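Heads up, the thing below is written out as structure tokens.
The values are calculated or read from the model by the stated rules, or taken from the named source; none is laboratory data. Model, not experiment: these values are computed from the prediction. Here the Cβ positions follow ideal geometry from the backbone for every residue, glycine too, while neighbour counts run over all protein chains shown. Just so you know, the surface numbers come from the protein's heavy atoms only, side chains and all, with ligands and any DNA or RNA stripped out. Shrake-Rupley method; radii C 1.70, N 1.55, O 1.52, S 1.80 Å.
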Protein chains: 2
Amino acid sequence: MASSFIPVPAGSDFPLGNLPLGAVVRGAGGRPSLAVALGDSVVDLKALHVAGLLSLGGPVGDGACFTHPTANAFLDLGPDAWALTRAALTRLLTASEGVLRDKGGVRDAAILGASTVSNVLPMAVGDYTDFYCSRVHAQTCGELFRDPEAALNPNWSRLPVGYGGRASSVAVSGTPIARPHGQMAPAEPGGTPRFGPTAKLDFELEFAAVVGGPPNARGAPVPVDAAAARVYGYVLMNDWSARDVQAWESVPLGPFVGKSFATTVSPWIVAAAALAPHAAPAPPQDPAPLAYLDERARTLPDVALTAEVVPAGRGARAATTVTESNVRHLYWTFPQMLAHHTVGGCVLRAGDLVGSGTVSAPGARGAGCLLEATADGARPLALRGGGSRTWLLDGDEVVLRGRCAAREGVEGLGFGCARGVVVARASARERALQ
Amino acid sequence: MASSFIPVPAGSDFPLGNLPLGAVVRGAGGRPSLAVALGDSVVDLKALHVAGLLSLGGPVGDGACFTHPTANAFLDLGPDAWALTRAALTRLLTASEGVLRDKGGVRDAAILGASTVSNVLPMAVGDYTDFYCSRVHAQTCGELFRDPEAALNPNWSRLPVGYGGRASSVAVSGTPIARPHGQMAPAEPGGTPRFGPTAKLDFELEFAAVVGGPPNARGAPVPVDAAAARVYGYVLMNDWSARDVQAWESVPLGPFVGKSFATTVSPWIVAAAALAPHAAPAPPQDPAPLAYLDERARTLPDVALTAEVVPAGRGARAATTVTESNVRHLYWTFPQMLAHHTVGGCVLRAGDLVGSGTVSAPGARGAGCLLEATADGARPLALRGGGSRTWLLDGDEVVLRGRCAAREGVEGLGFGCARGVVVARASARERALQ
């Protein structure tokens, strides 16, 4: 494994083999620059472009896309351009290569301490879709809210069930999560619905693809075996959910206000190329999928996922890992999700976000959300050092992490984290409305 | 009523009091210009700006937004800027005003025959939401698919039910509609689902708001009495639907592939300001809405809507008006939809599209979609001059129109139309997949 002249701490999420793509701002209100993360540093792609180091020709052309404040133009270029860029960045940052290493001025301009910049959302999200691809999650939700004997709806094992999320809800890690207010079911059938702050605020531990490549034409589906080429990479995602609001609103058209207030994503998009050495066979499917979902070789990235709750006022030492799961538990792969998504002719555009749904795993600590972990609030979850939670309280922080383990000849890498603190919403105008 | 020096045919949808906003392209592949429609002409706002006629100061500033290819920057400015622009355009185009009338060069550059340009989508749609606000539509759908005795779900009269549509599906009038393929329920429970072109292709006659104004902050709802200021104007919308695909996929998360292939909108956004003289009282609500939905004065624009089907191969003379409805039949107003949409803290951005859902009216010709008109295919609909339809066939064209009638002292105006022809999808790759 090549190493960089930029120091990378042992066990860092961001070794030279990762180079995840993000957008950073120096100082308040600055224009974002595209960047990759390396150890505790970030490498500013705009600065490299200005120094003439990213005019790579071929599908990248003069590299003008690296001067944009979002990655959409770069994502639009497709796999050949991504591979060319990845190879060029790897070379530029390798210890044995002097092109960047020995250019003090460019190094100073392009290589920044991660703590000196802020991350912003690296892509403008044209559309955000959320699927429901974890069998454990669907099964548990079905047992809680449907007939336990027929927990999985008949369509679930035939197609990746999904719905349209809210693109404007997508926010970068660190964005505070204002507890949503909303309408909830009446205390008694036929009564007046309740209104106020949600009493059932939940997280959902998810994994999401960031779409790239030129858009498919309207009416022209992406075949399942061509769909991997439409995924640039992946992020961690927290699909915050107000369960009481969601329960009342979502028949017959699905979740709406209960989901659209916030969706946190990790700031760095880990390229599918970086995850390739970490591919694992996807679980077998029974019944066999229809032809348009029949992928030649079904794999999922072997990414261990965790969710931690840091309880309000108790600090990081009291953090409790409430979920231990893995992306490889998903029943449907991302190419299957994309093939199904587009089978009717839907257009996928670069920057679109496609979430897996809650990634739950079998076992006591596998529940990817509090709804499952607490059986809809019936079984409080004990926290380390005392206390418990059924739902999130104001001041609680949720931190999602993802990590691919090192193996013989393959270095480990990670996703950083997707974090958010719950805050109460309380403006005078709001109080007046209640 | 003032008249323009540009001739406006009697009964035109686009008199001087309308001035709807669109985006037009001259020739193939050109850059779109923002424009307003007037009679059979379009007035290019970029050309007016270049001539120095739209640097209006105040909230409009130097008018640079009029040089953009989409209206988003202009929509973002908010009501004061819209009013200033509307007043300036009205003055410039009035018969008695010489500023533009007498400047031959500018007139030639700015005033074009509508037939010499093509319309493109005037706004980049950040998010598209579709509601379900017609009581007749919800009642009929409930009778068809739920318990006829309890056709309306308990939440329906308590909140505007809605869901996230697909922004990438939104297309300007005239875009061909490729019949979607997809998965449909098995012939027998537990069997293998069917796959192929939808056999139940439907239209939905809708009316949709185009959002404007600076985005509300995340977590800060738009109060119902402030929500009208977030609507720039309205378009006609056809929410094409594959009913068999939708029926199989939409439990529990709502419609997805059955809707995301195409959503046609009329090309000209009719400003809320133009519709103000056509406001009608909204239907009374029982039960009374919760405080956050309790709007001081509930009105809806009095827009008569029609849907016509032009059957394949039979030409415009065989067009059958299959729906006669009116926006004023909606149970929830647009400010109520927006207040509910944002009550959890969801961000609305300029360019967002908010559909009413199918606008059905009481009575034999009131059904706003074939699902209702044919009782889910059970009762074929007779067409003029012979023939009938349960669902749309390849080659059929659907044309939606909207019109506000003239009254004493108030001129009539209209929306133009939202049209689309159904075409078969048949590429070699597609056939190979089936």
Exercise for the section: Find the relative contact order for the stretch B:187-293 and round it to a whole percent, using C-alpha pairs within less than 8 Å whose residues are 6+ positions apart. Expected result: 27 percent
Completion exercise
Percent relative contact order for the stretch B:3-154, counting Cα pairs under 8 Å at least six residues apart, stands at 25 percent
Practice task
Please work out how much accessible surface B:S388 shows to a 1.4 Å probe, ignoring ligands, DNA and RNA, in Å² rounded to 10.
Solution key: 60 Å²
Practice task
With everything on Cα atoms, drop me the angle between helix A:79-93 and the longest principal axis of chain A, reported from 0 to 90° to the nearest 10.
Solution key: 60 degrees
Fill in the blank from the handout: Working note, the stretch A:21-120: Cα radius of gyration (Å, one decimal) and Dmax (Å, whole number) are 12.8, 37
Handout entry: Residues with amide H under 5 Å from that of B:D127, placed H, sequence gap 5 or more
Key = B:D352, B:L353
Completion exercise
Checking the stretch A:215-296 for trypsin sites (Lys or Arg not before Pro) in a loop per DSSP with at most 11 other beta-carbon atoms within 10 Å yields A:R296
Completion exercise
Residue-normalised 222 nm signal for the protein assembly as shown, counting each DSSP H run of n ≥ 4 as -39,500 (n - 2.57), nearest 500 deg cm²/dmol, is -4500 deg cm²/dmol
Exercise for the section: Heavy atoms only, probe 1.4 Å: what % of the accessible area of the stretch B:128-433 goes to carbon and sulfur, would you let me know? Expected result: 55 percent
Handout entry: the stretch B:291-297 - phi-based ³J(HN,Hα) in whole Hz, Karplus 6.51/-1.76/1.60, Gly and Pro as x
Key = 3, 6, 10, 8, 7, 4, 10
Problem - List A:R26, B:R419, ordered by accessible area with a 1.4 Å probe, largest first - result: A:R26, B:R419
Problem - Most fluctuating residue given options B:G395, B:G29, B:G213, as computed from a GNM of chain B linking Cα atoms under 10 Å - result: B:G29
Exercise for the section: Run through the other copies and list how far each one's label point is from that of B:A83, in nm with one decimal, shortest first; the point sits 7 Å from Cα along Cα-Cβ. Expected result: 5.9
Practice task
Order B:E295, B:E97, B:E143, most accessible first, counting only protein heavy atoms with a 1.4 angstrom probe.
Solution key: B:E143, B:E97, B:E295
Completion exercise
Spelling it out for A:G416: with amide H atoms placed in the peptide plane at 1.01 Å from N, the residues 5 or more places away or on another chain with amide H under 5 Å from its amide H are A:G402
Exercise for the section: Provide an ascending nm list, one decimal, of label-point separations from B:G409 to the equivalent residue in each further copy; define each label point as 7 Å from Cα along Cα→Cβ. Expected result: 8.7
Handout entry: Per-copy distances of the B:R384 label point, shortest first, in nm (7 angstrom along Cα→Cβ)
Key = 7.4
Fill in the blank from the handout: For the stretch A:129-136, in residue order, the Karplus 3J(HN,Hα) values (coefficients 6.51, -1.76, 1.60; θ = phi - 60°; whole Hz; Gly and Pro = x) are 10, 10, 9, 8, 9, 8, 5, 4
Handout entry: Over chain A, relative contact order from alpha-carbon pairs under 8 Å, at least 6 apart, %
Key = 20 percent
Practice task
With a/c under 1.5 counting as rounded, go ahead and sort the stretch A:325-434 into rounded, prolate or oblate using the C-alpha gyration tensor (a ≥ b ≥ c being the square roots of the eigenvalues; past the cut-off, prolate if a/b is larger than b/c, else oblate).
Solution key: oblate
Completion exercise
Summed over the other residues with a beta carbon less than 9 angstrom from that of B:L34, with K and R at +1 and D and E at -1, the charge totals 0
Practice task
Quick one: which residues, 5 or more positions from B:L300 or on another chain, have an amide H under 5 Å from its amide H? H modelled 1.01 Å from N in the peptide plane, none for Pro or chain starts.
Solution key: B:A280, B:A282
